[in-house]
Amino acid sequence: MLNFSRLSHPKHRFFFAIQPPPLIARRIAAWAARFGSHGALVHADRLHVTLDILDDLDVLPSGMVGMLIEVGAVVRAGPFMIELDQANGGGGSIALRPRLKNPALQQLAARIAGARVRAGIAGRQGYRFSPHITLLYREGRPFSETVIPFAWEVREFVLIHSLLGQTRHVRLGSWQLTEENVKQFDLFSANEQQK
């Protein structure tokens, strides 16, 4: 298994994610501005829910981006709704989270991680999927509050290259979530079970 380990001065971070549509992202960012005087706000175009992530890298291994794009290309899932309705502060950040588990979201994250493992790529050491959108980074008292939900239909997932220290996200690939994908996955699963 390829293990892209964390080095002393990492410059690159790769992760699969879902992103809110631009209008929803702007609404979330505007709402998060209420916390703005207490920390560094995340810009609307960088708001995302991480689905799977690799260790940060100092040097980019040859061929890794192509391998990650191949991982995204084999994942099959259908569209689903997501609703983020809880704000939590603590651990150096404030995040927006779902109060309830979302089986379709959990399944998508698991399928991506499974495809990555099958491709022989190690994920981030100690990472456990916990859906949230980081709104800002700050130190302060822990809190939790229910908020008016931000909801949208998730119709794609993306592969992001984050250039650390530059607050830049480069979108390397995106894959549509369609009902046809679900049929293909069900057919593949049935064939695998018959073997």
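Data overview
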quantity	calculated
Residues of the stretch 125-173 classified as assigned to a strand (DSSP E or B) and free of Cβ contacts under 8 Å to residues at least 24 places away in the same chain, total	3
Number of the exception - Tyr127 against (1) more than 28 Å from Gly63 (Cα to Cα); (2) surrounded by 13 or more Cβ atoms within 10 Å (Cβ to Cβ)	(1)
Residue among Gln86, Gln107 that alone is in contact (Cβ under 8 Å) with a residue 60 or more places away in the chain and over 23 Å from Leu163 (Cα atoms)	Gln86
Residue count for the stretch 46-69, restricted to those that are of a type in the set (Ser, Thr, Tyr) and surrounded by 14 or more Cβ atoms within 10 Å (Cβ to Cβ)	1
Residue list for the stretch 140-156, filter: surrounded by 11 or more Cβ atoms within 10 Å (Cβ to Cβ) and either over 24 Å from Asn88 (Cα atoms) or not hydrophobic (A, V, I, L, M, F, W, C) (or both)	Gly140, Ser144, Pro149, Arg155, Glu156
Scope the stretch 11-45; condition surrounded by fewer than 16 Cβ atoms within 10 Å (Cβ to Cβ) and not aliphatic (A, V, I, L, M); matching residues	Lys11, Pro21, Pro22, Arg26, Arg27, Trp31, Arg34, Gly36, Ser37, His38, His43, Asp45
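Laboratory data are not the source of any read-out in this text; all were calculated from the coordinates shown. All values derive from a computational prediction rather than experimental measurement. Quick reminder, even Gly has a Cβ in these numbers, built from the backbone with ideal geometry, and neighbours come from all protein chains shown.
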